[in-house]
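Following: one structure in structure tokens, then a few remarks.
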Amino acid sequence: MRILLTGATGAVGAELAPALVAAGHEVVAATRRPSAYAGPGSAVTFDLDGGDGALAAAVEGVDAAYYLVHGLDRRDVAAVDRTRAARFARAWGPERPVVYLGGLGPDDTGSPHLRSRHEVGAVLRDRCAAVELRASIVIGPRSLSFQLLKVLSCIAGTSPLPVAVPASSAALTQPIAQRDLTAALVAALDLAPGVYDVGGEEVLSFRALLERAAAAQGRTLRTAPVVPLGADWFGPLASVLAGVDPWATTSLFASMATETVVDDARRPPGPDGRATDLDTALALALAG
Ligand SMILES: NC(=O)c1ccc[n+]([C@@H]2O[C@H](COP(=O)([O-])OP(=O)(O)OC[C@H]3O[C@@H](n4cnc5c(N)ncnc54)[C@H](OP(=O)(O)O)[C@@H]3O)[C@@H](O)[C@H]2O)c1
């Protein structure tokens, strides 16, 4: 198939492009800066904040699409992502399949960031033949959540004493190895429209994940989830330590209070994220 890959330059899309080519597809990378695209296939100008003409041209002559557009660094991310998804859906139409990668977590009660991810999924499913794959933290070298995990666990792992972390970090999560997510995304082209959950074998608290990420870097980290301070306090601090955009960091920290675990009834047939164990996933991401 000839596939429009939006977000081709992002953490998920950059790994997905070669996997789609290996599976026999032709990739058209949809990006705001096609001249800077260095991945496989061709590239086309695609800006969901730009004009209608270029958008119509970009979606022309392709059989299927991946929707991996995200504006996490934007303060108004929810409104921006909602508007972008609606524009894409209008240009794409109801017939052709589109695969969207969203986030795990309850539909109504999660963090603003997770609710926004679900909202984008709902827009696409309402108006397109959309497959929504939901995942928690992607353990891959360029994933922003993994970068935060790596840097913070490495710094905290130097402390000889238990390190205070937000009490909310006791919430459970189910990280997924990037290579397993990529396999699930490729296979998602054959799924019927609907919502599917993917995640690794292991369910653990964010706090335990921090300790495991430290161990993967040769450090012993003990955490104490005693601090009643929220994301508004920890987010900016973590962003300075990790050198990551403060708004994105605060959004991700707020999501840490939400349980992001797979509903096994929603596992897709075929690759579902469980092939790679967590320690291998961490080692691969650290090496990448
Ligand atoms: N990373 C994770 O841990 C994780 C976990 C679960 C779910 N997800 C989901 O996976 C999806 C992709 O995440 P990611 O981590 O790969 O994101 P990312 O690295 O931040 O990439 C975002 C992409 O959005 C594109 N984009 C931004 N503004 C655009 C615009 N106005 N028009 C067109 N494209 C635009 C960018 O493309 P250009 O700059 O090339 O235009 C970029 O490639 C998101 O839906 C995210 O919620 C990610």
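Along the Cα→Cβ direction, 7 angstrom out, place labels at I155 and A23. What is the inter-label distance in nm?
3.7 nm
If you place +1 on the Cβ of every Lys and Arg, -1 on the Cβ of every Asp and Glu, and leave all else neutral, what size is the dipole of the stretch 2-121 about its Cα centre, to the nearest 20 Debye?
160 debye
Output ³J(HN,Hα) for the stretch 259-265: one whole-Hz value per residue in order, computed from phi by the Karplus curve 6.51 cos²θ - 1.76 cosθ + 1.60 with θ = phi - 60°, and x for Gly and Pro.
Using θ = phi - 60°, the values come out as 5, 10, 10, 5, 8, 4, 5 Hz.
Sequence-distant or interchain residues sharing an amide H contact under 5 Å with G105, placed H: which?
V261
Leaving out ligands, DNA and RNA, and with a 1.4 Å probe, what % of the accessible surface on the chain is carbon or sulfur?
Of all accessible area on the chain, carbon and sulfur atoms account for 55 percent.
Give the average over all directions of the projected area of the C-alpha convex hull of the stretch 85-223, one decimal, in nm². Display every interim value, and only then the final one.
Numbers: hull surface 36.5 nm².
Reported value for the Cα convex hull: 9.1 nm².
Sort the stretch 165-235 into rounded, prolate or oblate with this rule: let a ≥ b ≥ c be the square roots of the eigenvalues of the Cα gyration tensor; rounded if a/c is under 1.5, and if a/c is not under 1.5, prolate when a/b is larger than b/c, oblate otherwise.
prolate
Which distance in nm do the two modelled labels at R222 and R2 give, with both placed 7 Å along the Cα-to-Cβ direction?
A separation of 6.2 nm, rounded to one decimal place.
If you roll a 1.4 Å probe over the heavy atoms of the protein chains, what accessible area per residue do you get for the chain, in Å²? Could the numbers behind the result be given before it?
On the way: 12270 Å² over 288 residues.
Dividing the accessible area of the chain by its residue count gives 43 Å².
If you stretched the chain out fully between L72 and L286, how much longer would it get, using 0.36 nm times the residue separation minus the C-alpha to C-alpha distance?
Net length gain for the segment: 74.8 nm.
Around Y67, which amide H atoms from residues at least 5 apart in sequence, or from another chain, sit under 5 Å from its own amide H, with H modelled in the peptide plane?
Residues meeting the criterion, in which the H sits 1.01 Å from N, are V99, Y100, L101.
Report, in deg cm²/dmol and to the nearest 500, the calculated mean residue ellipticity at 222 nm for the chain, where each DSSP H run with n ≥ 4 adds -39500 (n - 2.57) and the sum is divided by the residue count.
Calculated from helices alone, the mean residue ellipticity at 222 nm is -12000 deg cm²/dmol.
Want the number for E201 to R90: 0.36 nm per residue separation, take away the alpha-carbon distance, what's left?
Here the segment from E201 to R90 would lengthen by 36.2 nm.
Quick one: of the DSSP bridges fully inside the chain, what percent are antiparallel, nearest 5?
Working: 2 of 34 bridges.
Looking only at bridges with both residues in the chain, the antiparallel portion is about 5 percent.
How long are the semi-axes of the ellipsoid equivalent to the chain, from square roots of 5 times the Cα gyration tensor eigenvalues, in whole Å, largest first?
Each semi-axis is the square root of five times an eigenvalue, giving 32, 19, 18 Å.
Assign unit charges at the C-beta atoms only (+1 for Lys and Arg, -1 for Asp and Glu), then state the dipole size of the chain relative to its Cα centre in Debye, rounded to the nearest 20. Before the final figure, lay out each step's value.
Working: 25 positive and 30 negative charges, 104 e Å.
About 500 debye.
Mind checking the dipole of the stretch 100-259: about its Cα centre, +1 per Lys or Arg Cβ, -1 per Asp or Glu Cβ, Debye to the nearest 20? Walk me through the intermediate numbers first.
Details: 12 positive and 14 negative charges, 100 e Å.
Computed about the Cα centre, the dipole is about 480 debye.
The values are calculated or read from the model by the stated rules, or taken from the named source; none is laboratory data. The structure presented is a predicted model; accordingly, all values stated were derived computationally and were not measured. Cβ coordinates were reconstructed from backbone atoms using ideal geometry, including for glycine residues, and neighbour counts include every protein chain displayed. Heavy atoms of the whole protein, side chains included, go into the accessibility calculation; ligands, DNA and RNA do not. Shrake-Rupley method; radii C 1.70, N 1.55, O 1.52, S 1.80 Å.
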